[in-house]
1. Looking at the structure I just gave you, is A125 within 22 Å of K68 (Cα to Cα) and touching a Leu at 6+ places or on another chain (Cβ under 8 Å)?
2. Within the range 131-182, how many residues are among the polar types (S, T, N, Q) and not in a helix (DSSP H, G or I)?
3. Could you tell me whether E222 is touching a Ser or Thr at 6+ places or on another chain (Cβ under 7 Å) and either over 30 Å from G145 (Cα atoms) or part of a loop (DSSP other than H, G, I, E, B) (or both)?
4. Among the numbered conditions (1) modelled with pLDDT of 70 or more; (2) part of a helix (DSSP H, G or I); (3) surrounded by 12 or more Cβ atoms within 10 Å (Cβ to Cβ), tell me where L235 comes up short.
5. Do we find that G196 is under 25 Å from F91 (Cβ atoms) and within 22 Å of the chain's Cα centre (by Cα) in this structure?
6. Could you give me the residue pairs with C-beta distances under 9 Å whose first residue belongs to the range 197-210 and is surrounded by 12 or more Cβ atoms within 10 Å (Cβ to Cβ), whose second residue is of a type in the set (S, T, Y) and not in a loop (DSSP other than H, G, I, E, B) wherever it lies, and which are 6+ apart or on separate chains?
7. Just one of (1) in contact with a strand residue (DSSP E or B) (Cβ under 9 Å, 6 or more places away or on another chain); (2) of a type outside the set (G, A, S); (3) outside any helix (DSSP H, G or I) trips up Q185, so point out which.
Amino acid sequence: MSLNGTNGGGAAVPNSAFMGSSLKIVNSRKTNNKYLDNNMDGFYISPSFMDKLVVHITKNFMTLPNIKVPVILGVWGGKGQGKSFQCELVFAKLGITPVMMSAGELESGNAGEPAKLIRQRYREAADIIKKGKMCCLFINDLDAGAGRMGGTTQYTVNNQMVNATLMNIADNPTNVQLPGMYNKQENPRVPIIVTGNDFSTLYAPLIRDGRMEKFYWAPTREDRIGVCCDFFGALRARVYDDEVRKWISGVGIEGIGKKLVNSRDGPPTFEQPKITVDKLLEYGNMLVQEQENVKRVQLAETYLDSAALGDANRDAISRGEFYGKAAQQVQVPVPEGCTDQNAVNFDPTARSDDGSCNYTV
């Protein structure tokens, strides 16, 4: 048994004592998390994600002795990890309707307008709490609206004021005043949840520990499996495409508006189509391929790099033969299939006929 530590009286303390206590702490955390039901309307919520948000929001409604609880919780991590969706599920689980802001509201043509809007939204949430209902302020993609992305973006007055306003709110959460007004009456404390991809782009004093508690969202394998099931909604929507096409062919294109807008019969209803694994894989591969095309086929760069509008096409432009040929400058995969609507195997998603049409005699 090794003796690497000492207690207050100078006596040696064995490592096993620390190891045993640390294991007990870890196990107790796991046990305490068992009470958390991590499902909301059939959607999966990561236990660690829910624990962080629930504890942060709860602490902000408590008075803890000799402890300064940060008002802001910053949830950050890679893109497409489901941060915003997980937050919305936790809010729904808590019965909270948050006051929401997006990155687009953090910039304006009028100097000071976004900072004023933050204070207004904060006070709106405070009024809801004053009426006896939990609430919070939720700001999506804070770094996109208030961060500085290298030398490619301009750091404006509004960026500075947004960062400074959030710092002021974090320091004085119960005394948030609107510009040009001052009311000595204190407002309720409102927890603030922000999401982003890279908080290092924000003003450094804003993200210090006393003002913002950071949570790096790195989903585990179990989290990825649980969250992945939620994203099958996109595939289910694709499966209904065939049913929608049948309905359109029945009412005719000219009658779509009359059937969908202010119709006496109400919106159309569909029976749940039969979904097979092969069909899901087919539509899933289509979704992946479309996303890959967006990443690979960057037409803007192609145009600027003279592939579509440069010297290589000068002759075609002068002859008037260039227009409509921009898509030919890159290798875009075109879906092939039967394009004849009279064929029994007509494929409405096909853009090029491959000669596979079959007809009934």
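The values are calculated or read from the model by the stated rules, or taken from the named source; none is laboratory data. It should be emphasised that the depicted structure is a prediction, and the values quoted were computed from it without experimental measurement. Cβ coordinates were reconstructed from backbone atoms using ideal geometry, including for glycine residues, and neighbour counts include every protein chain displayed.
1. Values: within 22 Å of K68 (Cα to Cα): yes; touching a Leu at 6+ places or on another chain (Cβ under 8 Å): yes.
Criteria met by A125.
2. Filtering the range 131-182 for residues among the polar types (S, T, N, Q) gives 140, 152-154, 156, 158-160, 163, 165, 168, 172, 174-175, 177.
Applying the additional criterion that residues be not in a helix (DSSP H, G or I) yields 140, 152-154, 156, 172, 174-175, 177.
Going through the range 131-182 one residue at a time, the tally reaches 9.
3. Numbers: touching a Ser or Thr at 6+ places or on another chain (Cβ under 7 Å): no; either over 30 Å from G145 (Cα atoms) or part of a loop (DSSP other than H, G, I, E, B) (or both): yes.
Here the answer is no, as E222 does not meet what is asked.
4. If we test L235 against (1) modelled with pLDDT of 70 or more; (2) part of a helix (DSSP H, G or I); (3) surrounded by 12 or more Cβ atoms within 10 Å (Cβ to Cβ), just (1) comes out false.
5. yes
6. Sorted first by the residue in the range 197-210, then by its partner, the pairs are I207/S200.
7. Result: Q185 passes all but (1).
Residue-wise test of (1) surrounded by 21 or more Cβ atoms within 10 Å (Cβ to Cβ); (2) closer than 14 Å to T195 by Cβ.
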| position | (1), (2) |
| --- | --- |
| S48 | no, no |
| G78 | no, yes |
| G82 | yes, yes |
| F85 | no, yes |
| F91 | yes, yes |
| M101 | yes, yes |
